[in-house]
Amino acid sequence: VQLQAFGGGLVQAGGFLRLSCAASGYIFSAYGMGWYRQAPGKQRKLVATIGRGGTRYYADSVKGRFTISRDNAESMMFLEMNSLNPGDTAVYYCNTVVGGVNHWGKGTQVTVSS
């Protein structure tokens, strides 16, 4: 299993970013996926998940601002982030659990300036 997140960057408060996660090495459509983030000095936290059937879950802190989606044909997952604020600054990771094992990709840095 390989996961690679990309699309992060520096954006002003109120701005927009779209993160992507490229997956390989397993049957992508058969598993749920998730986005997590880790701010400096803090624990990694769940941001959003999407099930293999498309069921979505969002952390309260991002509900209404972020949208998670997936493209099974391309083995890709996305996170559209609107109305970004400095509290969203973190390294964002994509995740899946395959065979009972948590798999993490290299994260992508999102920095929101005030």
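The values are calculated or read from the model by the stated rules, or taken from the named source; none is laboratory data. No experiment lies behind these values; they were computed from the predicted model shown. Don't worry about glycine lacking a Cβ; one is built from the backbone with ideal geometry, like all the others, and counts go over all protein chains shown. Heavy atoms of the whole protein, side chains included, go into the accessibility calculation; ligands, DNA and RNA do not. Shrake-Rupley method; radii C 1.70, N 1.55, O 1.52, S 1.80 Å.
Looking only at the range 103-111, decide whether some residue is of a type in the set (S, T, N, Q), under 17 Å from Phe6 (Cβ atoms) and open to solvent by 70 Å² or more (accessible area, probe 1.4 Å).
yes
Condition first: buried (at least 21 other Cβ atoms within 10 Å of the Cβ) and within 19 Å of Phe16 (Cβ to Cβ). Now tell me which residues in the range 67-93 satisfy that.
Those that are buried (at least 21 other Cβ atoms within 10 Å of the Cβ) and within 19 Å of Phe16 (Cβ to Cβ): Ile68, Met77, Leu79, Met81, Leu84, Asp88, Ala90, Tyr92.
Identify all residues within the range 43-54 that are open to solvent by 70 Å² or more (accessible area, probe 1.4 Å), assigned to a loop (DSSP other than H, G, I, E, B) and either touching a residue at least 12 places away in the same chain (Cβ under 8 Å) or closer than 25 Å to Ala30 by Cα (or both); write none if there are none.
Result: Arg44, Arg52, Gly53.
Go through the range 6-33 and give me each residue that's farther than 19 Å from Arg65 by Cα and assigned to a loop (DSSP other than H, G, I, E, B).
Gly25, Tyr26, Ile27, Tyr31, Gly32
When you go through Tyr57, Tyr36, Tyr93 one by one, which is the residue that is in a strand (DSSP E or B), of a type in the set (Ser, Thr, Tyr) and in contact with a Ser or Thr (Cβ under 6 Å, 6 or more places away or on another chain)?
Result: Tyr57 is the single residue among Tyr57, Tyr36, Tyr93 that is in a strand (DSSP E or B), of a type in the set (Ser, Thr, Tyr) and in contact with a Ser or Thr (Cβ under 6 Å, 6 or more places away or on another chain).
Only one of (1) in contact (Cβ under 8 Å) with a residue 40 or more places away in the chain; (2) closer than 16 Å to Gly7 by Cα; (3) surrounded by fewer than 18 Cβ atoms within 10 Å (Cβ to Cβ) is not met by Val97, so which one is it?
Failed condition: (2).
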